[in-house]
Each structure stands twice: as C-alpha cells, then as structure tokens.
C-alpha cells in the first residue's frame, strides 16, 4: 500500500480533496501535532512513500531517515524550506503547485491595502470596545502600486489593482514583457519602484539571496506616507529596520502576512505599532486555493506511481539520471 504523509495542516481537509484521498486507497498520515517541532513526522519517516510538505523543513537528515521516500511535494509554491539539492542527490523529485494559490494571495494583498488605508482593524477594535474612533483614511484609486516580483501572484494582483484605478509599476528579473505591454505595467528597477510607490507589495521567493532585501537603506527610499506589504517570506524584510522607519515617521505603515519564525515572537516592538496590520500567513488560505493545491498534489502522486514524469517536477534532471542508469 502507498503511504502518504503530510506536514501541511490544510492538506486533505477541504473541498473535493478528502473524497479523492479516500478513492486512492492510500494510507494517509497527518503530522500536524503542534506540540512537536516536526508535527510528529519523524515517527513515520521510515515507512512513507510520499511526503506532502507544509512549513516543516525537509532537510538532508529528513531524507536520510526516509529510505522509501519517492517524492517530496510542496502543499503550495515556496520551496525554500526544502533542500532540493539533497533531494536531487538521492534521486527524489520535488514538486510544487505553481499558480494554485495565486488568486487567493493577490486578493489578500488588496484586502490588506484597503484595510490599512481605511484603518479597518483599528475601527473594529474601537467599536467593539465601546468607542467611536472615526479616522480619516485614504482611497487607493489613483495611487501607485509597486509590485516586487511579477510572477503568477504579481500578474494577478496587477490586473486587479489596475481595475481598481491604481497605476502599477513592477520590478522583476525576468519580466513577462507581453503581459507588461498588454496591461500597461511600467517596469522599474527596485530602487525607483520604492521611490515612486504608495503601496509596495512583495511577491518574491525567500532564502539567502533575498534575506533582508528590504533593509534600512531600501526603506529610506520609500515615501513617508507609503505602506509596505509582505505576503512573500518573513526574512525578506528587516523587522528592526521596519520598526525604526515607522517609529521615526519615515514610513506610513505596513501589512505583514509572512514571518521568519511562525508563529512569530510578538515581543518585537513592530507588533505594538498601530500602523501595522498582521495576518497569520494566510495568503493562500481560501477553500478554492487549498482544494486546487490538494488536487494537484494528488494528481502528481498518481502520475508518479504510474511511472510518469509530472510537468511540475522542479528537478527534472533526476529523470535523466535514471535514463542513463537504465540504458
């Protein structure tokens, strides 16, 4: 029997996914015990064939303890917590689900922009506490949105923002030029984007190459009235520098959905700032997105079991190695 384990708290729970899992006949193990650092995965590593990974890291040590492991599938997109080179060295394919949660993340970005601009969290707190703190906010129409990373999420966000009357500028190492022309997006270097944007929304991968990308120097380029949104990875933004900029009035505010440590250490002073909105890394948490992701994970496992090579494999060179060995 095929044994599938997951460290993702959402895999297998929503939409059509539970029924599809039952149809497969697989043994399914959920490793989501919050009292354990790996959710309890280590107890089952010796048995599992496929791992659907959440935010628990997949390391070389993980792989060494899983001799039967045939593939690692990310329940989502970001793979910075998966040691892909180590998987490749062991001939283990790594897969993710590109685009499956893009609309959900883009919609949350817009929600955070509106929530911050109109002080929705503060207004809610005031009313339920018996107060009536009416504050003058701002409209997002006519403002400029800078999107850092014009991938699946960034492109959807650009279309939605344009429809709401925002001007969109974007920074991307390998931009989709046809999309840029079709939707009137202005390309800019990161520094210029930061200087001219009223909202800056981050949609890039994490990891060492982008660690503290938004530091004190980058924040100093932004308008004092601007809002920074991070729906990517926590390490991209230097929280100390962000708190300094907010305290000094050099930045209007921020909205943060991703944290370097999750749940975050809320003793950091940025969590006490009234102009910051926080959400618990819920960018992709919609019923529609979680269902799409889960169905993609199941489809890829089924294709691998059948001897196929799914198009979403991120290290396809492992199949070339297999071909040479069997030649």
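Read the figures in this text as sums done on the coordinates, not as results from a lab. Small disclaimer: the values here were computed from a predicted structure and weren't measured. Glycine also receives a Cβ, built like all others from the backbone with ideal geometry; neighbour counts cover every protein chain displayed.
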| request: Calculate how steeply helix 102-117 sits against the longest principal axis of the alpha-carbon atoms of the chain, using the helix alpha-carbon long axis, and give the answer as 0 to 90 degrees to the nearest 10. | output: 20 degrees
| said: If each DSSP helix of 4+ residues adds -39,500 (n - 2.57) and the sum is divided by the residues in the chain, what number results at 222 nm, nearest 500 deg cm²/dmol? | reply: -10000 deg cm²/dmol
| request: Rank 206, 249, 130 by mean-square fluctuation in a GNM of the chain with C-alpha springs under 10 angstrom and give only the top-ranked residue. | output: 130
| remark: With the 8 Å Cα cutoff and a minimum separation of six or more residues, region 230-327 has a relative contact order in percent of 23 percent
| query | Beyond 25 Å, what percent of the Cα pairs of region 221-327 remain? | reply | 48 percent
| field | Mean separation of Cα contacts under 8 Å (6+ apart) over length of region 102-278, as relative contact order % | value | 19 percent
| task | Arrange 8, 225 by Cβ neighbour counts within 10 Å, fewest through most, would you? | result | 225, 8
| note | Computed on Cα atoms only, the convex hull of region 73-197 has an orientation-averaged projected area in nm² of 10.8 nm²
| message | For a quick check: sort 277, 136 by the number of other beta carbons within 10 angstrom, fewest at the front. | response | 136, 277
| remark: Cα-based Rg and Dmax for region 170-271, in Å, come out at 14.1, 45
| query | Once all Cα-Cα distances of region 102-278 are split into 5 Å bins that start at 0, what whole-number percent is in each one? | reply | 1, 8, 18, 22, 21, 15, 8, 4, 1, 0, 0
| Most fluctuating residue given options 65, 161, 245, as computed from a GNM of the chain linking Cα atoms under 10 Å | 65
| field | Contact order normalised by residue count of the chain, Cα under 8 Å, 6+ apart, percent | value | 17 percent
| task | Evaluate the Debye formula for the chain with equal point scatterers sitting on the alpha carbons, no solvent, and hand back log10 of I(q)/I(0) at q = 0.08 Å⁻¹, in q order, two decimals. | result | -0.42
| query | What is the Cα convex hull volume of region 209-268 when expressed per residue in Å³? | reply | 74 Å³
| Pick from 307, 91, 137: which is most flexible by mean-square fluctuation in a GNM of the chain where alpha carbon atoms under 10 Å apart are linked? | 307
| remark: One point scatterer per Cα, no solvent, Debye formula: log10 I(q)/I(0) for region 1-148 at q = 0.15, 0.19 Å⁻¹ comes out as -0.84, -1.09
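Please state, as a whole number in µm²/s, the translational diffusion coefficient that the Stokes-Einstein equation yields for region 17-65 at 37 °C and 0.692 mPa s, with Rh defined as the Kirkwood radius across alpha carbon pairs.
This corresponds to a translational diffusion coefficient of 273 µm²/s.
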